[in-house]
Amino acid sequence: MKKAAAVIMIIVMILALGTTAFAEQTTLVDRAKQAALNYAGVDASEAVFTKVHRDWENGHQIFEIEFHANNTEYDVDVDISTGQVIDFSAEYQGAGQTGFGGGYSDDFWDD
């Protein structure tokens, strides 16, 4: 009986740690999305996120974020540890255009 209780206690602890890790990850993603929106000057209600991917760049963990708003595609890299935007590009797609054009890009690694 004590063995079963110990196993149940271990399972509960693992699930609790997993839930905490998931909550922390969700918070980091939400903060990175908000940083990307703020940098782009876009309201969250206007944005449709199409990609949020965790990656490494120049020795830093980042979130690669892609979203669309107001006929514009935004690609933003946010440093996970600092929440700072480290790479940004925006490409406008006007009515009737088949591709993106007239974009703006800023890569902070080269500054």
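The values are calculated or read from the model by the stated rules, or taken from the named source; none is laboratory data. Quick caveat, the model's predicted, so the values are computed rather than measured. Please note: Cβ atoms are built from the backbone with ideal geometry, for glycine as well, and neighbour counts cover all protein chains shown.
Listing for the model above:
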| read-out | value |
| --- | --- |
| Neighbours by Cβ (under 9 Å, 6+ apart or cross-chain): first from the stretch 39-56, within 14 Å of residue 73 (Cα to Cα); second in a loop (DSSP other than H, G, I, E, B) and at pLDDT 95 or above | 40/47 |
| Out of 75, 106, sole residue that is touching a Phe, Trp or Tyr at 6+ places or on another chain (Cβ under 8 Å), surrounded by 10 or more Cβ atoms within 10 Å (Cβ to Cβ) and at pLDDT 95 or above | 75 |
| Considering residues of the stretch 25-49 that are at pLDDT 95 or above and among the hydroxyl-bearing types (Ser, Thr, Tyr) only, the residue nearest to residue 91 (Cα to Cα) | 39 |
| Number of positions in the stretch 46-70 that are among the small types (Gly, Ala, Ser) and either surrounded by 13 or more Cβ atoms within 10 Å (Cβ to Cβ) or in contact with a strand residue (DSSP E or B) (Cβ under 7 Å, 6 or more places away or on another chain) (or both) | 2 |
